[in-house]
Protein chains: 2
Amino acid sequence: MKRTLAQVSLALLLAPLAATGDEGMWRPRQLPELAGELRALGLQIDPVSLSDLTDHPMNAVISLGGCTASFVSPDGLAVTNHHCAYGALQYNSTEEANLMRDGFLAPDRPAERPAGPGSRILVTVEVTDVTDRIAGAVPADAGGRARYQAIEDEQKALVAGCEQDAGHRCAVRAYHGGLEYELIKQLEIKDVRLVYAPAAAIGIFGGEVDNWMWPRHTGDWAFYRAYVSPQGEPAEYAPENVPYRPRHALTVSRRGLGAGDLVMVVGYPGTTSRYRLASEVESQFEWDYPERRRMFEEWRRTLTDAAPEGSDAAIKYGTLMRGLDNAIKNYDGMISGYARTGVLSRKRALQESLRGWIEADAERRARYLSTLEELDALIAESVGNRERDLFYSYLARRGEALRTATTLYRLSRERQKPDLEREPGYQERDLERLKERLTRMERTYDPAVDRAFWRNFILRYAGIPADQHVAAFDAWFGIDKNRVDEGELDARLESMYAGTGLGDTATRLAWMDRSPAEIEASEDPFLRLAVALYDSDLRLEEEAKALEGRYEEVRPRYMAAVIAYLESLGRPIYPDANGTLRVTYGTIEGYRPRDGVRYEPFTTLDGIVEKHTGEDPFDATEAQLALIAAKTYGDSFDETLGSVPVNFLSTVDTTGGNSGSATLNSRGELVGLLFDGNWESIISDWDFSQERTRSIHVDSRYMLWAMEFLDGAGHLLEEMGLGSD
Amino acid sequence: MKRTLAQVSLALLLAPLAATGDEGMWRPRQLPELAGELRALGLQIDPVSLSDLTDHPMNAVISLGGCTASFVSPDGLAVTNHHCAYGALQYNSTEEANLMRDGFLAPDRPAERPAGPGSRILVTVEVTDVTDRIAGAVPADAGGRARYQAIEDEQKALVAGCEQDAGHRCAVRAYHGGLEYELIKQLEIKDVRLVYAPAAAIGIFGGEVDNWMWPRHTGDWAFYRAYVSPQGEPAEYAPENVPYRPRHALTVSRRGLGAGDLVMVVGYPGTTSRYRLASEVESQFEWDYPERRRMFEEWRRTLTDAAPEGSDAAIKYGTLMRGLDNAIKNYDGMISGYARTGVLSRKRALQESLRGWIEADAERRARYLSTLEELDALIAESVGNRERDLFYSYLARRGEALRTATTLYRLSRERQKPDLEREPGYQERDLERLKERLTRMERTYDPAVDRAFWRNFILRYAGIPADQHVAAFDAWFGIDKNRVDEGELDARLESMYAGTGLGDTATRLAWMDRSPAEIEASEDPFLRLAVALYDSDLRLEEEAKALEGRYEEVRPRYMAAVIAYLESLGRPIYPDANGTLRVTYGTIEGYRPRDGVRYEPFTTLDGIVEKHTGEDPFDATEAQLALIAAKTYGDSFDETLGSVPVNFLSTVDTTGGNSGSATLNSRGELVGLLFDGNWESIISDWDFSQERTRSIHVDSRYMLWAMEFLDGAGHLLEEMGLGSD
């Protein structure tokens, strides 16, 4: 269940490393230079085709914003992971019809259901290098704050120009910490519908227990369909909309594949931190992850208490709960990987060898040497406020009531400015998404639950060093240094949640159109708190932007040194993941997780029977068990395995955001879906290991088997050109 | 840590199965008929030599009573498992010198320490078939009770005759439920001394967590030495005693071995139940194991509460605690294996095919058909009292205070009879062992602890169906049907434990010489209880003997049918384990524990580093970690593995009692020690699986490595002929 973007916004910090073996999330344009290796691994299509975004297969690969999907029919049918469609299943679930548990299959197109507000399909149509535009916009002697603003302003201008083309969404993405910038233009399809997802017994078989684990037996697939207006333009949901017809769709393979075979994954990996400095790694692993882990444990506990299983609230918080489970396990993996792999000493050694290389040459000394100290000094500065940065940010942003109030007041203030001068997120182009978010909240907000965990965030915040406290917040709750009167706090929370109208969707949306003065006059306690915090929050934001501007000056120079050094070693360089379309390739391979144990690269239906206990999360359906007992394998039978393959391991380099990515064989056909990494891969966001980092895929043969024999999805198989013949 | 006899007296019940593949605990005399297969597997010595108890290597293999050991030097040095010598480490431990934790090495012979009262080394010198003698002693029309007595009397007579040869210990063992009997004669060496055992950090590395598990990294070895009188006769411990010189000793190999190689294990497996009926299997797995498991959990809990870690009492109860841990895990393995392997339906199917074979032929019908019903009826009768049989027996025998009192009073009564008419265990030949047991109790008895768990046994007993209660016991504690007044119970226990003198060794031993009248006149509350229970306990014993006598009539007839049937299928037949010397052979092989996972047959030093946490039971010593980090491998390096092998898996068929057995290579040299089975092997006492049943061995190369580099045991290496050259 990893590999969605949500869980990976955890990553923040730096350390030198370079591509060896199957490491590398390559930009499509780099593929021609890797052609030799790809051909040696058995690639049968032209490697150059992988660099052309308008051609097959790249054009069929789409983003869901946090996940990846692929078109698999000319009628806009798209396949992704079950866990990427979980929000849509949640949105369409009621206490009577629990789609999260039972799955969903639309027998025909009219039965396909809106995936929920904010669901999007994004097709990358153009990528333009805008490094010079950004660089040219920054005054030569700009300080941090001015640099930050200059870059942001230029980005906004580029985006605004790009979005003149209706139906598109644009973004500027930095590579190598700002050494390069690209303007990414994506077609934005807004009418996304849920077509099919298997029952939880297949789609999340193994649940949190098996998450990140091998051997794995999860049927992590789901199908959406993209709809557009009858004129073929992106449009909001409307009954008369028609299926989008993509230029290309992937062919789903029944051919199968085996150990050692080449596989490629095309997708939108979110964030990696492969080039971070040792000091950043140290702070992240020795302070940040352990602290977050503790806090998330508490968050989960308050959530379990306040929204017990089976309650209506539990459905509302299902996605958050799963996200917390996933994040906690992720932190465990990070922390244990850090202890096991010696990443810190390796980062230090690489940094030392980089320094040695720089010092060995006068020109390099002049150009790069000061960069190392400058960057380390900036990192030390950041670390100085890490308690506040962590705990106040959760307090301010993860209590839904306060966050809504803060957003509404900020919106009213930003709206006073010309559009291009507004803070990103509050521009006209953002308002629709904002409205969707505020609407969707009715499915994910329960005041008693929100209060329960927000209360805990307040107590955690109160415990941080007093000199990092936010005076305006302390004043509101009567926090005196680290002292909180919990009785008073509870009384205050009681009256705030009782007194706020923000839990009501109509009220919430109505506030979107109000002026600052109207909000300042409101009696709503959360709006009043938002107003009270506004000035100091803005000051903190200004400080953070100034610091970020300084990073934007130093980090590119540092990365230029790293790149020059690694190129001198003859290693190809790929940039850290940044949510843009990437290609990674490798082979199907098991690994040795520990002394005396070898993990084989494929699992089979037999493993489902072995794991089945009859209790969640190992509760296979009677129907599935009967099919397996009867050895009903159909075309999905694999002779080597003696059964139907379920999941497989590969050496491809992926991370959150890659979820749902098509796994392609040497012909560019879909043979599986990437949906997770192994336990040892969790730390690979910082440090890739050829021996132990593995991606986990669901085999397309399992998907086709379940669609045919279990879920009666023959009409979808037909649509994909896989009808029985 | 399995494979000692203590834990396996759990087994009680029946079902047909026969040897296939590497299954089979062969009687030495069967080996010549298996010569072809052994040679095909690579045996380089004469298979016939394995059937000669007086020749190498059989003569070097000895019993410790519950464990196996082997002579490895001409001076009586014997190697066995660390867990087989644990009692000796416990016996020699004090709060100042914790040998259980720190291990022990005698720098020279005078420093070798008595292994503790009751420690014995038994060398099998003669095995005689006495089937006809036993059969001839039973009157043709004997009922159950008479049959039981006739068999017991004849056994006692045979034993008495055999033990005329001073320094020997004899026993009659039944095969196939009494179809055959053998008289086993063993030289009994009574002066056994502790020579060397590694620290717990090696000897029980992984502890209970890793017990029954693979991959494994346990250095489960220890060394004893056998001492005899200066005249060369078995003798009690005396400083002037000299090392025993065995006729043969095993050669310890440095040669090493690899996957697929032939290995053999010679040893004293305790009990298996491979030929039990389906109804016995069902009662055992669906009632007995789950009930015992629950009771043992409670026992462990009361023990942990009453003898907390670090206390003097904790040392006293260390062995019991480890035994309970082991047994509970064993029950878990049994219960999960039963659920997983479908043993019951397989036993039923085999029984049906046996019935079909019998019914197909008139002579077979006449000879065997009634046997099946008769045996099933007996089993049903046994099951009818299973609550009392289980819970009252724990109550009567596992509270040490009551057990001692019962033993002493029974002894006084038995002593009224001529020696040959006494109950086994109370004959003159038994008194020395009895005295040792009553002496050793000072190291294993704490009244507060005994009381804590005995109290729990009483409560458990009180809960069984009232019609199975023992009236005399109920009367003593005022138990009324299932009602116990816990306040009264505690007051009674308080006064009993306060009033008894049996906690004092001198007092305890003095009672051994008293008459029944003297004991009946005693005020000691436990002796009074023993007297009060005597008549009804004896009645229960009489009933049990009568039932057993009926089994002794029916079971051999049933087994004759099974053997005839299996022979008709061309399968060689081995008898269930019964504590006699057996040979098993197989190959070094990993296995697939579950879908997607393969266990490799060897582990290495690297795995110790991986598992090391610094906390018990994964707390390797600094010295060991430093040696591994420095890649100090010496002659123990294995090129294929790239390190020193630690443990390995084989397909040989072993059970409790085999612990400490030498693992021999194709030349009959010692290449390791059997010390455990894998998780999937736990149920193999009932049902062997060629695919998943594996034995776990410590590789001799690891032992030699630790002796040389870590423990400074060079003088022992020299003695074994492995000095550096």
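Report yes if A:Glu236 is surrounded by fewer than 20 Cβ atoms within 10 Å (Cβ to Cβ), out of contact with any helix residue (DSSP H, G or I) (no Cβ under 7 Å at 6 or more places or on another chain), over 23 Å from A:Asp638 (Cα atoms) and touching a residue at least 40 places away in the same chain (Cβ under 8 Å), otherwise no.
Answer is yes for this residue.
Which residue is surrounded by the fewest Cβ atoms within 10 Å (Cβ to Cβ), if the candidates are limited to the stretch B:403-430 and must be under 28 Å from B:Arg451 (Cα atoms) and touching a helix residue (DSSP H, G or I) at 6+ places or on another chain (Cβ under 6 Å)?
The selected residue is B:Arg413.
Kindly indicate whether A:Leu99 is crowded, with 20+ Cβ neighbours inside 10 Å, closer than 30 Å to A:Gly714 by Cα, at pLDDT 95 or above and among the hydrophobic types (A, V, I, L, M, F, W, C).
It is true that A:Leu99 is crowded, with 20+ Cβ neighbours inside 10 Å, closer than 30 Å to A:Gly714 by Cα, at pLDDT 95 or above and among the hydrophobic types (A, V, I, L, M, F, W, C).
Can you tell me which residue among A:Val265, A:Val195 is assigned to a strand (DSSP E or B), over 17 Å from A:His82 (Cα atoms) and away from every other protein chain (no Cβ under 14 Å)?
When all the criteria are applied, what remains is A:Val265.
Restricting the stretch B:262-284 to residues that are farther than 28 Å from B:Met703 by Cβ and more than 20 Å from the chain's Cα centre (by Cα), which is surrounded by the fewest Cβ atoms within 10 Å (Cβ to Cβ)?
Filtering first and then ranking leaves B:Ser283.
Looking at (1) over 23 Å from A:Gly219 (Cα atoms); (2) out of contact with any strand residue (DSSP E or B) (no Cβ under 7 Å at 6 or more places or on another chain); (3) of a type outside the set (S, T, N, Q), which is the only condition A:Met25 fails?
(2)
Mind checking which residues of the stretch A:31-51 are surrounded by 20 or more Cβ atoms within 10 Å (Cβ to Cβ) and not in a helix (DSSP H, G or I)?
A:Leu43
Inspect all residues belonging to the stretch B:556-575 and state whether any of them is modelled with pLDDT of 95 or more, under 27 Å from the mean Cα position of the chain (by Cα) and of a type in the set (D, E, K, R).
Checking the stretch B:556-575: not a single residue is modelled with pLDDT of 95 or more, under 27 Å from the mean Cα position of the chain (by Cα) and of a type in the set (D, E, K, R).
Mind telling me which of the residues B:Arg451, B:Arg433, B:Arg437, B:Arg403 ends up being modelled with pLDDT of 95 or more and more than 18 Å from B:Glu520 (Cα to Cα)?
Of B:Arg451, B:Arg433, B:Arg437, B:Arg403, the one residue that is modelled with pLDDT of 95 or more and more than 18 Å from B:Glu520 (Cα to Cα) is B:Arg451.
Can you find a residue in the stretch B:52-67 that is over 15 Å from B:Leu674 (Cβ atoms), in contact with a strand residue (DSSP E or B) (Cβ under 7 Å, 6 or more places away or on another chain), among the hydrophobic types (A, V, I, L, M, F, W, C) and assigned to a loop (DSSP other than H, G, I, E, B)?
yes
Is it true that some residue in the stretch B:639-653 is within 23 Å of B:Ala40 (Cα to Cα), buried (at least 23 other Cβ atoms within 10 Å of the Cβ) and under 18 Å from the mean Cα position of the chain (by Cα)?
Yes, because at least one residue in the stretch B:639-653 is within 23 Å of B:Ala40 (Cα to Cα), buried (at least 23 other Cβ atoms within 10 Å of the Cβ) and under 18 Å from the mean Cα position of the chain (by Cα).
Go through the stretch A:135-180 and give me each residue that's surrounded by fewer than 20 Cβ atoms within 10 Å (Cβ to Cβ), among the hydrophobic types (A, V, I, L, M, F, W, C) and in contact with a Leu (Cβ under 8 Å, 6 or more places away or on another chain).
Hits for the stretch A:135-180 are A:Ala157, A:Ala160, A:Ala171.
Kindly indicate whether any position in the stretch A:596-603 is in contact with a His (Cβ under 8 Å, 6 or more places away or on another chain), of a type in the set (A, V, I, L, M, F, W, C) and modelled with pLDDT of 95 or more.
No; the residues of the stretch A:596-603 include none that is in contact with a His (Cβ under 8 Å, 6 or more places away or on another chain), of a type in the set (A, V, I, L, M, F, W, C) and modelled with pLDDT of 95 or more.
Please count how many residues of the stretch A:299-310 are surrounded by fewer than 18 Cβ atoms within 10 Å (Cβ to Cβ) and aromatic (Phe, Trp, Tyr).
Residues meeting the conditions: 0.
For the stretch A:390-397, state whether one or more residues are under 14 Å from A:Asp288 (Cα atoms) and of a type in the set (D, E, K, R).
no
Looking for something surrounded by fewer than 22 Cβ atoms within 10 Å (Cβ to Cβ) and either within 14 Å of chain B (Cβ to nearest Cβ) or out of contact with any Asp or Glu (no Cβ under 8 Å at 6 or more places or on another chain) (or both) - is there at least one such residue anywhere in the stretch A:677-684?
Scanning the stretch A:677-684 turns up at least one residue that is surrounded by fewer than 22 Cβ atoms within 10 Å (Cβ to Cβ) and either within 14 Å of chain B (Cβ to nearest Cβ) or out of contact with any Asp or Glu (no Cβ under 8 Å at 6 or more places or on another chain) (or both).
Identify all residues within the stretch B:380-397 that are under 15 Å from B:Ala530 (Cβ atoms) and in contact (Cβ under 8 Å) with a residue 40 or more places away in the chain; write none if there are none.
B:Tyr392, B:Leu395, B:Ala396
Would you mention how many residues in the stretch B:208-246 are within 14 Å of chain A (Cβ to nearest Cβ) and not in a helix (DSSP H, G or I)?
Within the stretch B:208-246, residues that are within 14 Å of chain A (Cβ to nearest Cβ) and not in a helix (DSSP H, G or I) number 6.
Filter the stretch B:297-335 for residues that are in contact (Cβ under 8 Å) with a residue 40 or more places away in the chain, out of contact with any Lys or Arg (no Cβ under 6 Å at 6 or more places or on another chain) and among the hydroxyl-bearing types (Ser, Thr, Tyr) and give the result.
Listed by number, the residues that qualify are B:Thr302, B:Tyr317, B:Thr319.
Only one of these is within 14 Å of chain B (Cβ to nearest Cβ) and either of a type in the set (Val, Ile, Thr) or more than 24 Å from the chain's Cα centre (by Cα) (or both): A:Ala313, A:Ala259. Name it.
Only one candidate passes the filter, namely A:Ala259.
Filter the stretch A:423-467 down to residues that are part of a helix (DSSP H, G or I) and of a type in the set (Asp, Glu) and give me whichever is farthest from A:Glu236 (Cα to Cα).
Result: A:Asp467.
So that you can scan it fast, the table gives a plain yes or no per residue for (1) buried (at least 16 other Cβ atoms within 10 Å of the Cβ); (2) modelled with pLDDT of 95 or more; (3) closer than 25 Å to A:Ala200 by Cα:
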position	(1), (2), (3)
A:Pro290	no, yes, no
A:Arg293	yes, yes, no
A:Glu297	no, yes, yes
A:Asp312	no, no, yes
A:Ala327	yes, no, yes
A:Gly333	yes, no, yes
A:Ala339	no, no, no
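Please work out if A:Gly87 is closer than 30 Å to A:Arg27 by Cβ and touching an Asp or Glu at 6+ places or on another chain (Cβ under 6 Å).
Judged against the criteria, A:Gly87 is not a match.
Restricted to the stretch B:592-629, and to residues that are touching a helix residue (DSSP H, G or I) at 6+ places or on another chain (Cβ under 8 Å) and in a strand (DSSP E or B), which residue is nearest to the other protein chains (Cβ to nearest Cβ)?
B:Arg594
The values are calculated or read from the model by the stated rules, or taken from the named source; none is laboratory data. Just so it is clear, the model here is predicted, and its values are computed rather than measured. Note that each Cβ is placed from the backbone with ideal geometry, even for glycine, and that neighbours are counted across all protein chains shown.
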